[in-house]
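Shown next, in structure tokens, is the structure this report addresses.
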Amino acid sequence: MNMRSICFVISVLLFGLNATTSAQAIDHVQGDVLVMLKPKVLVNDLVKAQQKYAGGNTELSVVHCVSPRLNIWLLHFNFLNVDEDHFLSALKNSDLVKIAQFNHYAASRATPNDSLYGQQWNLNNTGQNGGTAGDDIDAERAWNATTGGTTADNDTIVIGIVDCGFDLLHRDINYWKDYSGTPGYPGDYNGWNDDDNSGVIDDDNCTPDGHGTHVTGIAGAKGNNTSGICGVNWNVKMMPVEGFNTEANIVEGYTFIMVQRERYDSGLGNGFVVATNSSFGTSANASDYPLWCAMYDSMGAVGILSAAATADVNEDVDSVGDMPSDCSSDYLIMVTNTNDNDDLNTSKGAAHGKINVDLGAPGTNILSTLPGNMYGTLSGTSQASPHVAGAVALLYSLKCAKFDSAFKANPSGTALLVKSFILNGVDTVPTLLGKTVSGGRLNLYKALKLEADYFGCDAVLGIQTIEPSIKSFSVYPNPTNDLLNIKLTTSNNSTITIALTNILGQQVLTQTYQPDYGGVQNMILNLNQLPEGLYFISALNRAGVSGTLKVVKM
């Protein structure tokens, strides 16, 4: 059985028949301007002189004086009546004004102080070691919103790691503890060992040595603690489950994790597990491993997503078969290995499959924790997969009350939404196009942004929004046999693209429209060449995706 890392993301979105607009990030407070007036100029003279611009009422007014000594004022105008950029230019050209500018947003920088962080290209690629700057998972922008650990309602988030070679004394890892004990699992205070059905967790009998410790650190090493490295999450709890030599071990391990989540949901324990990670598999067809595959659905039913490693060899798993890559569960996330130049790293072992491998994540020369409070680099899909397990946990930590309410009311459905955010938020990578479902590499920030957009929590990311030109859209009849009518309301004549994707997230149809004017637009999409099934339709313009609707083709 070979060690490796997997990650899968599914594209499942809105389940209504109407969609509202998404948001486009901007860098300033709309309608605000900061002006430095020339010496002895009175602010009211400027306000009075600029009440009209290009035939529109600016409604320019004083908010307050920012610096009396420098004669700097914050003013506000009605940006719906006049073009912002043009009006700013007019203020800059005024004889009364020395300097004029927009009132831009600023945000704190979430850069951890861990001593080895500069070597972690996977989190922040500056071109160190000859890589390409920016070819990383965009962790720092994501950390400006959340660094992980707890939900908006203060639930302590847990990631289950099924592996071997755990160092429970490593200073840089927050391991989960079962303080109350679980019936049927005697002595499980530190986790569970499937090999000998005990709670004894150690770093022995594992190849390579300390593999579980290394994987655990990638997903959740302590962050901002001045020493060592930083994980995708800074404060998450890591649940060690040891043993995967047989399918029985695997099923037992996953069952332990599922039981912990069920106990938590019943108010009996502290195992709020939202993701698992596994770095094992075998060359085989899924039809021969029904129980193993079924465990992903069982865990998914209680709200757990499972990231796993595809084969650590250069092969097409769609053709040759692989476990668990070939499992059809919607709750399984399969990942392959990319390097610091955003290449599918076949030289270090990285399988692919446009049907059964879902996305890439950094897996080459990844610095992480090793037993004995040590650190070192390892490569493989094993190192890619925990980035995705960590991403799942990070999305659950977004301080968004609506998201909290959603996963408590519908754990399994919300888990699928989290997968869709990760899949739709990837950075497109040429070497992954046609070789993975998503065609891209994990991007933490984009996934968080999609989550925040969906639940109306953009303010958590420090983002001010504007309405895109597509106000709303609907489709009918639904279900449909062939022709689908589309009705949109637009505010201008920006180009609109209609995109249709299947349940695997694969785009199957696109059509572009150029409206002559703003207002109600009616279009028709011909679906008669598509097979029956469930699809998702989106309307897009330069502001992004306005919304996604479910469509049933009969």
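Please work out if S328 is in contact (Cβ under 8 Å) with a residue 24 or more places away in the chain, over 18 Å from the mean Cα position of the chain (by Cα) and either assigned by TED's automatic domain parsing to the domain that holds F421 or surrounded by 19 or more Cβ atoms within 10 Å (Cβ to Cβ) (or both).
The answer is yes for S328.
Which helices (runs of 4 or more DSSP H) sit wholly inside segment 40-152 and have at least 3 residues that are loosely packed, with under 15 Cβ neighbours inside 10 Å?
Because the criterion is at least 3 residues that are loosely packed, with under 15 Cβ neighbours inside 10 Å, the helices (runs of 4 or more DSSP H) in segment 40-152 that meet it are 43-49, 84-92.
Of all residues in segment 30-81, count the ones that are farther than 18 Å from N93 by Cα and of a type in the set (F, W, Y).
Final tally of qualifying residues: 1.
Given T336, T346, which one is in contact with a Gly (Cβ under 6 Å, 6 or more places away or on another chain) and either under 30 Å from D114 (Cβ atoms) or β-branched (V, I, T) (or both)?
Unique residue meeting the criteria: T336.
Give, as residue ranges, the helices (runs of 4 or more DSSP H) completely inside segment 216-330 that count at least 1 residues that are modelled with pLDDT under 90.
The helices (runs of 4 or more DSSP H) meeting that bar are 247-265, 290-301.
Please indicate, with yes or no, whether at least one residue in segment 96-119 is on the phi < 0 side of the Ramachandran plot, modelled with pLDDT of 90 or more and in the same structural domain as G231 (by TED's automatic domain parsing).
Yes: segment 96-119 contains one or more residues that are on the phi < 0 side of the Ramachandran plot, modelled with pLDDT of 90 or more and in the same structural domain as G231 (by TED's automatic domain parsing).
Can you pull out every residue in segment 153-173 that is outside any loop (DSSP other than H, G, I, E, B) and not acidic (D, E)?
T156, V158, I159, G160, I161, V162, I173
Where the second residue is at pLDDT 85 or above and among the aromatic types (F, W, Y) and the first is farther than 15 Å from K487 by Cβ and outside the structural domain of Q506 (by TED's automatic domain parsing) and lies in segment 523-544, which pairs have Cβ atoms under 7 Å and are six or more apart or on separate chains?
none
The values are calculated or read from the model by the stated rules, or taken from the named source; none is laboratory data. Owing to the predicted nature of the structure, the values given are computational and were not obtained by experimental measurement. Methodologically, a virtual Cβ is constructed for each residue, glycine included, from the backbone with ideal geometry; neighbour enumeration extends over all protein chains shown.
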